[in-house]
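Here, each number is a calculation from the coordinates, and none is a lab measurement. These numbers were taken from a predicted model, which means no experiment stands behind them. Note: ideal-geometry Cβ built from the backbone for every residue, glycine included; neighbour counts use all protein chains shown.
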Amino acid sequence: MEVLNILLCIILSLPLIFLLSRHGRKKLPPGPPTLLFIAKFLLPGRSASHIGPMLRGLHARHGPIFSFWLLRMFVFVDDRHLTHSVLVKGGGNFDGRPPPNGIMQLFFPHGIGTSPYGDYWRLLRRNLNVHALHPSRIRLLEPARQCARNAMLASLRADVGADASRVITVRPFLARCLFQLIVEMSLGARLGQEVLDELQEMNRQIYLAMARFPAFCFFPALSMRRRWAQYKTLRERQSKVLLPLIHSSRGTPCYAGSLLELRVPEEGGRPLTDAEMVSLCSEFMVGAMDASVAMMEWTMGELVNHPDAQAKVYEEVRGKPELNEDDLRGMQYLRAVVLESLRLHPGAHLILPHAVQSDAEIAGYRVPKGAVINFLVADFGLDETAWTAAREFRPERFLDGDGDLDMTGSGEVKMAPFGAGRRMCPGHMLSLLHAEYLVGALVRDFQWLPPSGEDTTVDMTEEPGTFIVMKHRLRARIIPRTC
Ligand code: HEM
């Protein structure tokens with residue numbers, strides 16, 4: 001009887017033994033020793049500025065996927081096909097987020113981008129899509145856009161005056177204009193310049209903090225003890241300024257107004273807390289701001305260096321006094337210029353980190369539940385297997401087959417400046433609209449020339465770091481157009 005029992009146990013265990021042995025045979029992704037990774041990335045001050053070249057170096061050595069362990073597995077992927085199979089075809093299994101690191105936890109403890117995959121994230125994301133980003137909402141904001149843009153053009157004109165050789169730095173003009181617009185979208189009010197300036201400066205400081213300590217910088221509080229106290233003060237100040245503005249937006253059709261009305265059904269229908277609302281409004285303002293300004297600055301730089309492309313954009317926008325959303329819809333070349341610039345200069349080397357929901361396999365390697373995956377997307381746009389003459393600025397590619405682009409990456413990932421799949425940036429259409437809207441107006445009203453003579457070019461070197469921005473702010477000679 002005993003023997004029979006033992007035999008029965010063995011037979012019943014066979015499938016499990018088989019599964020375990022199969023699982024065991026699957027290798028983990030290759031990678032550098034953890035200590036080496038720590039030495040390379042986690043020493044204070046190293047991680048952010050060397051991020052792109054260091055990750056590229058590790059991929060060159062270990063292949064398109066590598067990993068290392070530090071309490072959990074960290075995986076890095078730099079291949080667009082793998083990215084597609086994980087983010088788009090992987091179901092929801094790769095759509096978690098790891099617990100946010102120090103900076104993200106401090107500034108966005110309840111953000112959409114930092115929320116785990118689930119009902120709460122879905123609720124917040126749906127709310128953003130319906131109440132801030134829906135085309136009908138965007139349309140309502142046409143007067144706000146006109147107002148911010150006209151103010152920018154007027155201040156540029158005033159700055160140039162009668163001096164046709166005047167060189168301007170365009171970034172502050174773009175930043176001020178866009179921030180005014182974004183504040184109106186999120187808080188439903190046209191604020192005075194002093195409050196706007198303070199909010200904008202806080203926004204910039206938060207962006208810089210994120211750039212200094214990217215998402216997989218694990219111990220920011222240790223590596224920046226001196227700065228940490230400043231960041232905490234900044235956060236407190238931000239809440240103090242934002243909260244009254246959020247509360248006075250009740251009943252206004254804006255993002256903050258929608259947050260005041262939102263209820264969390266899974267938690268007994270409770271309203272959002274003040275901390276949640278500050279976090280979400282701040283995420284909106286930071287998310288919508290600096291990456292978009294960088295995108296416009298790169299685009300204007302390309303247009304200064306490519307006067308033929310600038311002339312084609314001008315042909316589209318001239319004689320359009322309103323240059324509104326309806327006008328933009330017909331401007332294929334302007335759209336192509338913005339996309340081409342984004343292909344060459346995406347916002348960041350990495351998208352936000354994703355977390356694995358249950359044990360999985362990527363490219364034949366075993367990736368356990370809880371692993372954090374980082375995608376090095378910046379080079380996708382330079383992949384010669386996806387793009388002809390990938391390093392050249394050729395907006396025309398988006399008008400013919402080569403640039404046949406589905407920005408969501410659902411069929412194929414060819415570039416992914418906004419990520420891909422379910423957690424793809426919800427603001428991507430808005431930022432493209434803003435870029436077309438402002439770049440179009442800048443070209444309509446001014447001719448843009450290199451700062452030091454027509455046969456020179458703008459220096460398009462990237463600033464080393466987490467985000468992809470111009471190392472030297474774009475300076476250009478601008479001449480008001482007369483017709
Ligand atoms: C050029 C401008 C922008 C760039 C390059 C950009 C880029 C990104 C990227 C790469 C992600 C991560 C996607 C992923 O994890 O797969 C993301 C997420 C996000 N972005 Fe943007 N973004 C931009 C503009 C905006 C705007 C205008 C908004 C707000 C209206 C916004 C709000 C968000 C939010 C809330 C998330 C988190 C999504 C989630 O986790 O579900 N972004 N963005």
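Values computed for the structure shown
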| quantity | calculated |
| --- | --- |
| Order of Asp308, Asp359 - criterion: other Cβ atoms within 10 Å of each residue's Cβ, fewest first | Asp308, Asp359 |
| Tail fraction, Cα-Cα pairs, segment 96-215, threshold 23 Å, whole percent | 50 percent |
| Ranking of Ser358, Ser49, Ser258, Ser279 by count of other Cβ atoms within 10 Å, fewest first | Ser358, Ser49, Ser258, Ser279 |
| Amide H partners (placed H, <5 Å) of Phe66, local residues excluded | Phe76 |
| Packing-based ranking, highest mean first, of 166-175, 79-88 given that Cβ atoms within 10 Å are counted | 79-88, 166-175 |
| Rg to Rh quotient for segment 32-147, alpha carbon positions, Kirkwood Rh | 1.07 |
| Distant-in-sequence amide H partners of His349 (H built 1.01 Å from N, under 5 Å) | Ile468 |
| Kirkwood hydrodynamic radius (C-alpha pairs) into Stokes-Einstein, segment 197-355, 10 °C and 1.306 mPa s, D in µm²/s | 83 µm²/s |
| Least to most buried among Trp448, Trp228, Trp69 (fewest other Cβ within 10 Å first) | Trp69, Trp228, Trp448 |
| With Cα atoms, 0 to 90° folded angle of helix 51-62 axis to the chain main axis | 40 degrees |
| Over the chain: helical MRE at 222 nm, DSSP H runs n ≥ 4 each giving -39500 (n - 2.57), nearest 500 | -15500 deg cm²/dmol |
| Degrees between helix 225-247 axis and first principal axis of the chain (Cα, 0 to 90, nearest 10) | 70 degrees |
| Folded to 0 to 90 degrees: helix 193-212 orientation relative to the chain principal axis, Cα | 40 degrees |
| Ellipsoid semi-axes in whole angstrom, largest first, where each is sqrt(5λ) of the Cα gyration tensor of the chain | 42, 27, 22 |
| Value of Rg to Rh for segment 148-272 (Rh from inverse mean 1/r over Cα pairs, i.e. Kirkwood) | 1.08 |
| Listed peptides 53-64, 142-153 by packing density, highest first (mean Cβ within 10 Å) | 142-153, 53-64 |
| Karplus (6.51, -1.76, 1.60) ³J(HN,Hα), θ = phi - 60°, over segment 139-146, in Hz, Gly and Pro reported as x | 5, 4, 8, 3, x, 5, 4, 4 |
| Taking the convex hull of Cα positions in segment 364-483, its mean projected area over all directions (nm²) | 11.1 nm² |
| Pairwise centroid distance, computed over Cα atoms, of segment 411-476 with segment 277-327, Å | 7 Å |
| Residues with amide H under 5 Å from that of Phe446, placed H, sequence gap 5 or more | Arg481 |
| Alpha-carbon Debye profile of segment 237-288, log10 I(q)/I(0) at 0.16, 0.25 Å⁻¹ | -0.45, -0.99 |
| Cα pair count fraction exceeding 12 Å, expressed as % - segment 359-418 | 74 percent |
| Radius 15 Å from Cβ of Gln146, net charge of other residues (Lys, Arg +1; Asp, Glu -1) | -2 |
| Where only C-alpha atoms are counted, convex hull volume of segment 289-373 per residue in Å³ | 161 Å³ |
